[in-house]
Amino acid sequence: LTMPAKFPKVTVKYFDTTARGETIRLILVHAGQDFKDERLTFAEFGALKPSLPFNQFPVIEIEGEGTLAQHMTICRYLANRHNLTGHTLKAKAEADESVDALNDIVEKIIPIFLTPGDDAKRELVDKALPDLQARFKTLEKRLESRGGQFLAGNTLTWADLHLHHIVHNMLAKCLATEALASCPLLTNLNERVASLPNIKKWNADNLNRNKQF
C-alpha cells in the first residue's frame, strides 16, 4: 500500500488481535495509507502501560504530531483525514449514529468472548440472539431509509468499515452470524466492503493470525 505524501506516518499500537484495533487498521488500509502495525504482547503492554495515555491500548503515534488514544477518537480522527466521515453534517451524524448502535451490539457480545468453550458460547449466543437480531433489524431499517447502500450519506464511511469488522471478526468468532439472518441489506453491505481491493487483501493476508476476535 502507498502512503499519500500529505499524510504523516502512523504507528498503530495494539495487541495481536482485532477487537478495538481493527477498525483503526481498516480505515488506514482502505485509505491506502502505509502504517506500522505494531502488535504487542501483554508483557510488552505491561511495560509500556505507565507511559500510555489513560494507561490503555490502542494508541496511535502520528509522526510529528504526537500520540492519540481512545479507539473511537482515533477512528474519527483517521476517518476525517481520509474523507470517510460523510460529506455533510447530517451524513457525519448518521455515521456516528450507526457506529454508536454497532458499539451497543458489541457490548452485548463481549461476554460471549470471555466465556471459554464452544458449548458455553453457544448457550450464551442462544440467549442473546433475539436481542442481537432486533438490534441489527433496527440498523437494517436505518440503512434502508438511507437508500440501502451505505449506513450514512449514501456513500462509504468509516461506519461501514466498522460494520465489516464486527461481522467479519466478532460475530464469526462468537458463533453468532445468524444475528444477521433477517438483514439482507446489511449482509450485502458487509460483502461489498469485504470485496474492496485493499480490504480483501488485508483480510486474506491476516487470515491465519492467532486472533481471539
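The values are calculated or read from the model by the stated rules, or taken from the named source; none is laboratory data. Note that this is a predicted model, so its numbers are computed, not measured. All Cβ positions, even for glycine, are placed from backbone atoms using ideal geometry, and neighbour counts span all protein chains on display. Ligands, DNA and RNA are stripped out before the accessible areas are found, and what is left, the full protein with its side chains, is counted by its heavy atoms. Shrake-Rupley method; radii C 1.70, N 1.55, O 1.52, S 1.80 Å.
For T23, are the conditions met, namely being surrounded by 15 or more Cβ atoms within 10 Å (Cβ to Cβ) and touching a Cys at 6+ places or on another chain (Cβ under 8 Å)?
yes
Would you point out which residue out of L68, L102, L78 is under 21 Å from K173 (Cβ atoms) and of a type in the set (A, V, I, L, M)?
It is L102.
Condition first: open to solvent by less than 50 Å² (accessible area, probe 1.4 Å), closer than 24 Å to A194 by Cβ, free of Cβ contacts under 8 Å to residues at least 60 places away in the same chain and not aromatic (F, W, Y). Now tell me which residues in the range 32-48 satisfy that.
Q33, D37, R39 - these are the residues of the range 32-48 that are open to solvent by less than 50 Å² (accessible area, probe 1.4 Å), closer than 24 Å to A194 by Cβ, free of Cβ contacts under 8 Å to residues at least 60 places away in the same chain and not aromatic (F, W, Y).
Where residues in the range 49-79 are on the phi > 0 side of the Ramachandran plot and not in a strand (DSSP E or B), which of them is most open to solvent (accessible area, probe 1.4 Å)?
Taking the range 49-79 as the starting set, the residues that turn out to be on the phi > 0 side of the Ramachandran plot are 54-55, 64, 66, 70.
Adding the requirement that they be not in a strand (DSSP E or B) leaves 54-55, 64, 70.
On the way: F54: 139, N55: 70, G64: 88, Q70: 69 Å².
Looking at residues that are on the phi > 0 side of the Ramachandran plot and not in a strand (DSSP E or B), I get F54.
Specify the residue that is nearest to A69 (Cα to Cα); the eligible residues are those in the range 8-20 that are out of contact with any strand residue (DSSP E or B) (no Cβ under 6 Å at 6 or more places or on another chain) and buried (at least 22 other Cβ atoms within 10 Å of the Cβ).
Restricting to residues being out of contact with any strand residue (DSSP E or B) (no Cβ under 6 Å at 6 or more places or on another chain) and buried (at least 22 other Cβ atoms within 10 Å of the Cβ), the top hit is Y14.
Kindly list, by first and then second residue, each pair from a residue in the range 122-146 that is small (G, A, S) to a residue that is surrounded by fewer than 17 Cβ atoms within 10 Å (Cβ to Cβ), limited to pairs with Cβ atoms under 7 Å and residues at least 6 apart or on different chains.
Hits for this filter: A128/K108.
Looking for something open to solvent by less than 80 Å² (accessible area, probe 1.4 Å), over 14 Å from the mean Cα position of the chain (by Cα) and without any contact (Cβ under 8 Å) to a residue 24 or more places away in the chain - is there at least one such residue anywhere in the range 158-173?
No.
Scan the range 86-132 for residues that are outside any helix (DSSP H, G or I) and either open to solvent by 80 Å² or more (accessible area, probe 1.4 Å) or on the phi > 0 side of the Ramachandran plot (or both) and jot them down.
Correct list: G86, H87, L114, P116, G117.
If you check R142 against the conditions, is it open to solvent by 40 Å² or more (accessible area, probe 1.4 Å), in contact with a Ser or Thr (Cβ under 8 Å, 6 or more places away or on another chain) and assigned to a helix (DSSP H, G or I)?
Yes: the conditions hold for R142.
Where the second residue is open to solvent by less than 60 Å² (accessible area, probe 1.4 Å) and the first is hydroxyl-bearing (S, T, Y) and lies in the range 181-201, which pairs have Cβ atoms under 6 Å and are six or more apart or on separate chains?
Correct list of pairs: T187/L180.
Taking the condition polar (S, T, N, Q), open to solvent by 60 Å² or more (accessible area, probe 1.4 Å) and modelled with pLDDT of 95 or more, does S182 pass?
Taking the combined requirement at face value, the residue does not satisfy it.
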